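Down below is the structure, laid out as structure tokens.
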Amino acid sequence: MALRDGDLLGHGNPGYRVAHYDLALATKPATGRLSGKARLTVVASAADAPLVFDLGPFRVERVLVDGRPVRWTHRGGKLRVRDRFLVDTPFPVEIRYAGRPEPVRTRHWGEVGWDELTDGVIVASQPVGAPSWFPCNDLVGAKATFRVAVTVPTAYTVVANGVLASRVSGGSATTWTYVAEEPMAPYLATVQIGPYERNLLSPGQVLAVSRGLSRAAQHDFARQPRMMRTFTELFGPYPFAEYAVVVTDDELEVPVEAQGLSIFGANHVDGRRGHERLVAHELAHQWFGNSVGLAGWQDIWLNEGFAAYAEWLWSERSGGPAAAVLATRSRALLASRPQNLRIGDPPARDMFDDRLYQRGALTLHTLRTLLGDDVFFALLREWTTTHRHGTVVTADFVTLAQHHAGRSLTSFFDHWLYQPALP
């Protein structure tokens, strides 16, 4: 089934929006339990319709609206809050909850969200894992600002989205507070907890890694500041205040993107830069997917195709094979695989199919060949500037590309995005 309405697993509610999340969390990795106080700034579109938040199987202890206790029910992953609400005027909703977080189990993408490491916590929520750790309106295009305070035993380090605003220790616990002033979709919110040391790769670029992996990681990510400069030249200014990379002691199937932050497994660090294309891929998502976000999941090629193409751009800018060489290899690979995927409107099961990544990158390289470098990169810079911290659909990109091309590209995009056969 194609992704037509932008939600997955019945998550999200368009009847209100959250302007800001203020989360105060406390957890001990040894026990796995979490207690939370979420204070949400909500704007309702109807006075008497319930507010329906996505929230996993926690024990909800109290719900307040504008400081007043209200009626609520919590079952089936939905917290329904009933009251008479102000319309089009922000008001606070406070939710206190506790329990042991459970990842969201999905049919196609495994378990996503809050999960335990051997020693610590990883949060990898794409696409529907956010309710595993906080109450939210879990729509891909529902961006909000965040403040997240996490209290953990002092032996642990917390890394989260945004900028570290404070770190306060008392007794055997430390509270880490992060502020993300740029709006963010719930699935991109994260906290990472582990025995990490925070290192600076360059001003504004943090590497959090355990001491045992530090030397190899410092080598493998050493060219990331140069990569940042290259992508800034090609895509426009970096859209966030900082960029952090976390390397877990556990192995991960793939690296994970979050806003202003990426997470790699121990298996992605070899001391030989053997996975540098993945470093490029995750960094590029800060422009494509995080700052320029999706209005609906059906347009996920705008995230993954652009990040995959950034791998090729970094290769040719750093002394590796040119993008044209990688495009030829990619085309041969795609030609050998089933021709049954429309990357501009994929079924849910194929959202993260490698063919979508590869064909998305090949679409962009073909467009670059058609337009020429000057026009193509001017298009990308205007795309990231015009839609900075916003949400987009494919039609927005098609319109902008046609403006830069000075002619219709309808047939081009139809063949590349909406026809299953490889052009």
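Only the coordinates and a few stated rules stand behind these numbers; no lab work does. These figures come from a predicted structure and were not determined experimentally. Quick reminder, even Gly has a Cβ in these numbers, built from the backbone with ideal geometry, and neighbours come from all protein chains shown.
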Can you tell me the Rg and the Dmax, both Å, for the Cα atoms in the chain? 21.5, 66
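Loop only per DSSP, at most 14 neighbouring Cβ atoms within 10 Å: give me the trypsin sites (Lys or Arg not before Pro) in the range 335-389, ordered by residue number. Kindly include the intermediate steps, with their values, before the conclusion.
Numbers: sites: R342, R349, R355, R359, R368, R381, R388; in loops: R342, R388.
Of the trypsin sites (Lys or Arg not before Pro), the ones in loops of the range 335-389 whose Cβ has at most 14 other Cβ atoms within 10 Å are R388.
Quick check: convex hull of the Cα atoms in the range 40-138, volume per residue, rounded to a whole Å³? All intermediate terms of the calculation are to be shown ahead of the outcome.
On the way: hull volume 10.7 nm³, N = 99.
Spelled out: Cα convex hull of the range 40-138, divided by residues, is 108 Å³.
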For the range 196-286, the Rg and Dmax computed from alpha carbons only, in angstrom: 12.0, 36
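Any idea what % of Cα-Cα pairs in the range 193-344 are farther than 27 Å?
The calculated P(r) of the range 193-344 puts 25 percent of pairs beyond 27 Å.
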Which angle between 0 and 90 degrees, to the nearest 10, do you get for helix 211-220 versus the longest principal axis of the chain when only C-alpha atoms count? 30 degrees
Under a straight-distance cross-link criterion of Cα-Cα below 20 Å, which aspartates and glutamates are reachable from K28, leaving out those fewer than 8 residues away in the same chain? E61, E102, D115, E116, D119, E197, D249, D250
Please report the spacing between the Cα centers of the range 274-339 and the range 198-255 in Å, no decimals. 18 Å
Where does the chain land at 222 nm, in deg cm²/dmol rounded to the nearest 500, when only DSSP H runs of n ≥ 4 count, each adding -39500 (n - 2.57), divided by all residues? -8000 deg cm²/dmol
Measuring from the longest principal axis of the C-alpha atoms of the chain, the long axis of helix 323-335 (C-alpha) lies at a number of degrees, nearest 10, equal to 80 degrees
In Å, what is the Rg of the alpha-carbon atoms in the range 293-418, and how long is Dmax? 14.0, 38
